[in-house]
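> Please see the structure below; I have some questions.
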Ligand code: NOJ
């Protein structure tokens, strides 16, 4: 079939969009309108759907879990030629950190502290996804996560709202471009609104209890930043928020999102979430669920068919006014009009191959991976390694796993194609013997439901004998080597959805193997591949060099080797603290003071069986060079409420190689209407400096940095109070100044 390709839309004024939407709406039947509010789940686990039939009668506005350009065109043809109002479908998928060219997972991208590289990564992801025929991605995931037991911490930007907001806006810009309608961009979806990252005990889907102050000061800022960046859609979260499911939560979806933030796009539920209002013990039955969700402001039902089954009856009996249906349909049609789908509904089936072949895609991926890695330890300057090494052992089952290198969400027909760490090291050491020993396998104690959608091919679990043989073989390889590179961490299915865990230790026999290798007395470098902080206490004391490489994507192996051998200098910083134990969760730097703070005469230890402080704090990361941060200067000792204070500091590369420092600014309000956290990140900048070079970094502190939402007053405010301020290279920064906000 010859199809017109996705050329994109010409810019349309709001008035033009509105008049086209109204013209469409006036000709649509109620059934078609409800169809637009229905997202059809085209996947084997959704029974009883015959997509063509549903689409032909105008029963679907969008399709998800399909990843096939030819099939997109076939279904689109039914929609635009055979359905009553000929409205094109929106094809949606989870394109979270790359489509074919895979980028580091979002937690890793946040570790770059580089919104520009994050934006470019999602631009590439959008270009490839759109070339495949997708219009809409379920990303960015904007849930603040302060509990690393929660598996989905990998999908977000970590623990901090300020960094999270910067990454949120960057991702929206990357996916969508300046305005909806570019032929190489997709519509973004800010998810999961809201609070999902704070599930009880870090257990995925469990209820969330957050005060309004926590929501507004910590959990909402990335979402509000996405709205300001023009995000087209939102996804409601699964769980109960303060006893009201997020998908039936009028306060979230109407009062905050539309009322306060002025969001004009549409809200889709999470998968099956409308139907699940019954399962969750909130709605009486499907009809009640449809009523509650739509009334709360949820426009599109993802895959549960509850709207399709019940909205007609609810309108006919008068429980739901047609105006509410129309209001939701308008928001969906407007996106389709702005995207240019009425003019260009199809995708050229040859486009993806051309786009994926663009060399800059892999270059961007390698660059992003380099930027995201965090050097946690480097005793005796073991790193960077020499390329004249002759005999190296690479050990660990993750070292040669493409799926572990690509990380989570690479599902629905994705074929892993990453360069593994082993391959990257071999490419760098072409004249050396690089011996590989996987060591014992690691696996989840309880299998993942998601394994059927991708991941490593299923194998029988290793026997005790095979595990022991692999353990011993690894020691043999280590004994022969001059230097050992251990690649340890978690498989891709050990973080992500339904991948929470109680312990944050290295799974399986990895630490046991690490100890045995270190005991051989060889120099050992530990490379971590994982999607969450891990409690690596023993390694932090006994392994001289530790590189956090996360799940680094298609070019991950090359990027790891670039860093290990000094072709790139690490400059990433932790976007979330590394705890000493999983049982210390939640743990975050931005907590309130107490009557017994550390260092006070009244100080009492928080736990009597160990330090409660992080193993590595938020914002932490080393380089191959050193930096000094000096000359902290504030524009005035006092600033009036509403005015802006300017802060400057000089950062100097005091070492012998070029490198990057992320200069971070933290504030603390000493007293006020509410108790305020002892530190809050309110500015950062990643800079590259040559040896001896100095740059002056400038930060602005205005009402949005100095204000907050007060529980006591019940509104946003800025107190006139004294503040501390620190500038430095992590959340323990010591370079200090003080200022006051006055009326
Ligand atoms: C469930 C997940 O929670 C959500 O993040 C995802 O976008 C949808 N499934 C669709 O795959």
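> Mind checking which pairs have a first residue in the range 258-286 that is within 24 Å of residue 497 (Cα to Cα) and modelled with pLDDT of 95 or more and a second that is within 15 Å of the ligand (Cβ to nearest atom) and in a helix (DSSP H, G or I), Cβ under 7 Å, 6 or more apart or different chains?
Sorted first by the residue in the range 258-286, then by its partner, the pairs are 269/247; 270/247; 273/247; 274/247; 277/247.
> Right, another one. Considering only residues that are part of a loop (DSSP other than H, G, I, E, B) and more than 21 Å from the chain's Cα centre (by Cα), look in the range 237-253 and name the one that is surrounded by the most Cβ atoms within 10 Å (Cβ to Cβ).
Only one residue tops the list, namely 249.
Per-residue answers, yes or no, for (1) in the same structural domain as residue 432 (by TED's automatic domain parsing); (2) part of a helix (DSSP H, G or I); (3) at pLDDT 95 or above:
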residue: 560; (1), (2), (3): yes, yes, yes
residue: 563; (1), (2), (3): yes, yes, yes
residue: 572; (1), (2), (3): yes, no, yes
residue: 597; (1), (2), (3): no, no, no
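> Name the residue, out of 524, 487, that is surrounded by 24 or more Cβ atoms within 10 Å (Cβ to Cβ) and touching a residue at least 60 places away in the same chain (Cβ under 8 Å).
487
> Just the residues that are over 30 Å from residue 343 (Cβ atoms) and part of a loop (DSSP other than H, G, I, E, B), please, taken from the range 184-214.
194, 195, 199, 203, 204, 205, 206, 207, 209, 210, 211
> Then there's this: So is residue 424 touching a residue at least 60 places away in the same chain (Cβ under 8 Å) and over 26 Å from residue 67 (Cβ atoms) or not?
So residue 424 passes the test.
> Is it true that residue 689 is crowded, with 18+ Cβ neighbours inside 10 Å, modelled with pLDDT of 95 or more and more than 23 Å from residue 563 (Cβ to Cβ)?
Spelling it out, it is not the case that residue 689 is crowded, with 18+ Cβ neighbours inside 10 Å, modelled with pLDDT of 95 or more and more than 23 Å from residue 563 (Cβ to Cβ).
> Quick check on residue 279: is it within 16 Å of the ligand (Cβ to nearest atom) and surrounded by fewer than 18 Cβ atoms within 10 Å (Cβ to Cβ)?
yes
> Are any residues in the range 578-614 crowded, with 21+ Cβ neighbours inside 10 Å and either in contact with a strand residue (DSSP E or B) (Cβ under 7 Å, 6 or more places away or on another chain) or on the phi > 0 side of the Ramachandran plot (or both), and if so, which ones?
578, 590, 614
> Also, quick follow-up: Could you please give the count of residues in the range 703-743 that are in a loop (DSSP other than H, G, I, E, B) and touching a residue at least 12 places away in the same chain (Cβ under 8 Å)?
Of the residues in the range 703-743, 13 are in a loop (DSSP other than H, G, I, E, B) and touching a residue at least 12 places away in the same chain (Cβ under 8 Å).
> Can you tell me which residue in the range 184-206 is surrounded by the most Cβ atoms within 10 Å (Cβ to Cβ), limited to those that are within 20 Å of residue 234 (Cα to Cα) and away from the ligand (no atom under 13 Å from the Cβ)?
Applying the filter and picking the extreme gives 186.
> Follow-up question, since we're still on this one. If you check residue 148 against the conditions, is it part of a loop (DSSP other than H, G, I, E, B), touching a residue at least 24 places away in the same chain (Cβ under 8 Å) and within 14 Å of the ligand (Cβ to nearest atom)?
no
> With 389, 352, 383 as the choices, which residue is at pLDDT 95 or above, outside the structural domain of residue 730 (by TED's automatic domain parsing) and assigned to a helix (DSSP H, G or I)?
352
> If I go through the range 229-244 residue by residue, how many of them are more than 14 Å from the ligand (Cβ to nearest atom) and either farther than 19 Å from residue 210 by Cα or at pLDDT below 95 (or both)?
Number satisfying all stated conditions: 4.
> Please go through the range 507-521 and give me each residue that is assigned to a loop (DSSP other than H, G, I, E, B) and in contact (Cβ under 8 Å) with a residue 60 or more places away in the chain, ordered by number.
Residues satisfying the conditions are 507, 508, 509.
> Another question, then. What residue, of 158, 181, is under 30 Å from residue 688 (Cα atoms), more than 16 Å from the ligand (Cβ to nearest atom) and assigned to a loop (DSSP other than H, G, I, E, B)?
On inspection, the qualifying residue turns out to be 158.
> Give 448, 503, 467 a once-over and let me know the one that is on the phi < 0 side of the Ramachandran plot and within 16 Å of the ligand (Cβ to nearest atom).
448
> Being more than 22 Å from residue 90 (Cα to Cα), assigned to a loop (DSSP other than H, G, I, E, B) and under 29 Å from the mean Cα position of the chain (by Cα) narrows it down to one of 281, 262, so name that one.
So the residue among 281, 262 that is more than 22 Å from residue 90 (Cα to Cα), assigned to a loop (DSSP other than H, G, I, E, B) and under 29 Å from the mean Cα position of the chain (by Cα) is 262.
> Still on this structure, please answer the following. Among the residues of the range 299-318, write down those that are touching a helix residue (DSSP H, G or I) at 6+ places or on another chain (Cβ under 6 Å) and either crowded, with 22+ Cβ neighbours inside 10 Å or in the same structural domain as residue 38 (by TED's automatic domain parsing) (or both).
299, 301, 306, 307, 310, 311
> Taking the criterion of being in contact with a strand residue (DSSP E or B) (Cβ under 6 Å, 6 or more places away or on another chain) and farther than 23 Å from residue 225 by Cβ, would at least one residue in the range 700-719 satisfy it?
no
> Return yes when residue 471 is at pLDDT 95 or above and out of contact with any strand residue (DSSP E or B) (no Cβ under 8 Å at 6 or more places or on another chain) and no when it is not.
yes
> When only residues in the range 128-145 that are touching a helix residue (DSSP H, G or I) at 6+ places or on another chain (Cβ under 7 Å) and not in a loop (DSSP other than H, G, I, E, B) count, which is surrounded by the most Cβ atoms within 10 Å (Cβ to Cβ)?
The extreme case among them is 141.
> Right, next: Please go through the range 215-231 and give me each residue that is in a helix (DSSP H, G or I) and either buried (at least 18 other Cβ atoms within 10 Å of the Cβ) or in contact with a strand residue (DSSP E or B) (Cβ under 7 Å, 6 or more places away or on another chain) (or both), ordered by number.
215, 216, 217, 218, 219, 221, 222, 223, 224, 225, 226, 227 - these are the residues of the range 215-231 that are in a helix (DSSP H, G or I) and either buried (at least 18 other Cβ atoms within 10 Å of the Cβ) or in contact with a strand residue (DSSP E or B) (Cβ under 7 Å, 6 or more places away or on another chain) (or both).
The values are calculated or read from the model by the stated rules, or taken from the named source; none is laboratory data. In this text the structure is predicted, and so the values were computed from the model without any measurement. Note that each Cβ is placed from the backbone with ideal geometry, even for glycine, and that neighbours are counted across all protein chains shown.
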